[in-house]
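The values are calculated or read from the model by the stated rules, or taken from the named source; none is laboratory data. Quantities reported herein were computed from a predicted structural model and do not represent experimental measurements. Neighbour counts are summed over all protein chains in view; Cβ atoms, including those assigned to glycine, are modelled from backbone coordinates with ideal geometry. Heavy atoms of the whole protein, side chains included, go into the accessibility calculation; ligands, DNA and RNA do not. Shrake-Rupley method; radii C 1.70, N 1.55, O 1.52, S 1.80 Å.
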Amino acid sequence: MNTKQLSLRLERAASYVLPGSRLADIGSDHAYLPCALAAEGRIESAVAGEVIKGPFEIAVKQVRRLGLQDKISVRLGDGLEVIDPVSDQLSAITICGMGGTLIAAILDEGYQAGKLTGKERLVLQPNKDEYQLRTWLVKHQYQIVAEELIEENKKLYEIIVAEKSIDQQVTASETDLVFGFHLKQERSPLFVKKWQNELKKDKQIAADLTKSATDQTEKIKDFKSKIEKIEELLK
């Protein structure tokens, strides 16, 4: 198995895991990502965490089938509770294919439980709610060092890569949190496509709210504010 056999989302996430990393892949989905990286010799070791017994057992079989038991430890547990900061000595954590709010909650629970040391590079692929995830990262002084927007099966996804800031205060504008620190600067064709789609949806919602029989003044105001920000960005 190699990274070229992964879905595009996982392949691109894998590309941000630095060579020689000690990785934890949370919500590992058959352990595809750590297996591909371990098979290519790109990581030193990995923990594959799964919260549901069925996928956990499939991940165990996958690791055994590839003969990677000495490299990958498959563990059953909720979020970051599967890792031991002292013995695992992680340098990277990947969490892919969940909503940004859920990823932020997993990170927050791990942070409160002392599972995050600050030495881990976080490679995160939220399916939605990127704003909430960036907000958590900035609040906890993680600097977003890279972002990528990809399209797979006609859906757009973001990858967010973050590292703990040691020597400088991390701050962000509302625009940074909504549109992405790097994405809004790069303004790729996929970025323009994503926000043109969002603009169209928000305009339709605002129009529908205007026709509502109940008072939707505040909601309409919020959507008009969003629309103005997107239109300004796309100029």
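Against the numbered list (1) out of contact with any Pro (no Cβ under 8 Å at 6 or more places or on another chain); (2) open to solvent by 70 Å² or more (accessible area, probe 1.4 Å), T117 comes up short only at (1). G67 meets all of the listed conditions (1) surrounded by 21 or more Cβ atoms within 10 Å (Cβ to Cβ); (2) free of Cβ contacts under 8 Å to residues at least 40 places away in the same chain but one, namely (1).
State which residue is nearest to I150 (Cα to Cα) when the search covers only region 184-194 and only residues that are hydrophobic (A, V, I, L, M, F, W, C) and touching a Leu at 6+ places or on another chain (Cβ under 6 Å). Can you show your working first?
Of the residues in region 184-194, the ones hydrophobic (A, V, I, L, M, F, W, C) are 190-192.
If we keep only those that are touching a Leu at 6+ places or on another chain (Cβ under 6 Å) too, we end up with 190-191.
Values: L190: 7, F191: 9 Å.
Here the answer is L190.
Considering region 202-227, and only residues there that are under 30 Å from V145 (Cβ atoms) and among the charged types (D, E, K, R), the residue that is most open to solvent (accessible area, probe 1.4 Å) turns out to be K226. Residues in region 4-37 that are open to solvent by 10 Å² or more (accessible area, probe 1.4 Å) and not basic (K, R): 15 in all. Checked against (1) open to solvent by 10 Å² or more (accessible area, probe 1.4 Å); (2) under 30 Å from L177 (Cα atoms); (3) in contact (Cβ under 8 Å) with a residue 12 or more places away in the chain, L107 passes all but condition (1). Just one of (1) over 17 Å from L10 (Cβ atoms); (2) touching a Lys or Arg at 6+ places or on another chain (Cβ under 8 Å); (3) aliphatic (A, V, I, L, M) trips up V138, so point out which. With (1) over 17 Å from L10 (Cβ atoms); (2) touching a Lys or Arg at 6+ places or on another chain (Cβ under 8 Å); (3) aliphatic (A, V, I, L, M) applied to V138, the lone miss is (2).
Is it the case, given these coordinates, that I72 is of a type in the set (A, V, I, L, M) and surrounded by fewer than 24 Cβ atoms within 10 Å (Cβ to Cβ)? Considered against the rule, which asks whether it is of a type in the set (A, V, I, L, M) and surrounded by fewer than 24 Cβ atoms within 10 Å (Cβ to Cβ), I72 comes out as no. For first residues located in region 114-125 and closer than 13 Å to L23 by Cα and at pLDDT below 95, partners that are open to solvent by 40 Å² or more (accessible area, probe 1.4 Å) and outside any loop (DSSP other than H, G, I, E, B) and lie 6+ apart or on another chain with Cβ distances below 7 Å do not occur. Annotation note: of V51, V82, the sole residue that is open to solvent by 10 Å² or more (accessible area, probe 1.4 Å), within 18 Å of the chain's Cα centre (by Cα) and more than 24 Å from I150 (Cβ to Cβ) is V51.
Filtering region 156-171 down to residues that are open to solvent by 40 Å² or more (accessible area, probe 1.4 Å) and in contact with a Phe, Trp or Tyr (Cβ under 8 Å, 6 or more places away or on another chain), which residue is farthest from V145 (Cα to Cα)?
Going residue by residue through region 156-171, those that are open to solvent by 40 Å² or more (accessible area, probe 1.4 Å) are 156, 163-164, 166-169, 171.
This time we only want the ones that are in contact with a Phe, Trp or Tyr (Cβ under 8 Å, 6 or more places away or on another chain), so: 163-164.
Values: E163: 7, K164: 10 Å.
Filtering region 156-171 for residues that are open to solvent by 40 Å² or more (accessible area, probe 1.4 Å) and in contact with a Phe, Trp or Tyr (Cβ under 8 Å, 6 or more places away or on another chain), the one farthest from V145 (Cα to Cα) comes out as K164.
For the structure I just gave you, tell me whether A146 is among the hydrophobic types (A, V, I, L, M, F, W, C), assigned to a loop (DSSP other than H, G, I, E, B) and either open to solvent by 20 Å² or more (accessible area, probe 1.4 Å) or touching a residue at least 24 places away in the same chain (Cβ under 8 Å) (or both).
no
Within region 219-230, residues that are without any contact (Cβ under 8 Å) to a residue 24 or more places away in the chain and assigned to a helix (DSSP H, G or I) sit with their Cβ atoms under 8 Å from residues that are open to solvent by 50 Å² or more (accessible area, probe 1.4 Å) and among the β-branched types (V, I, T), at 6+ positions apart or across chains, in these pairs: I220/T210; F223/I205.
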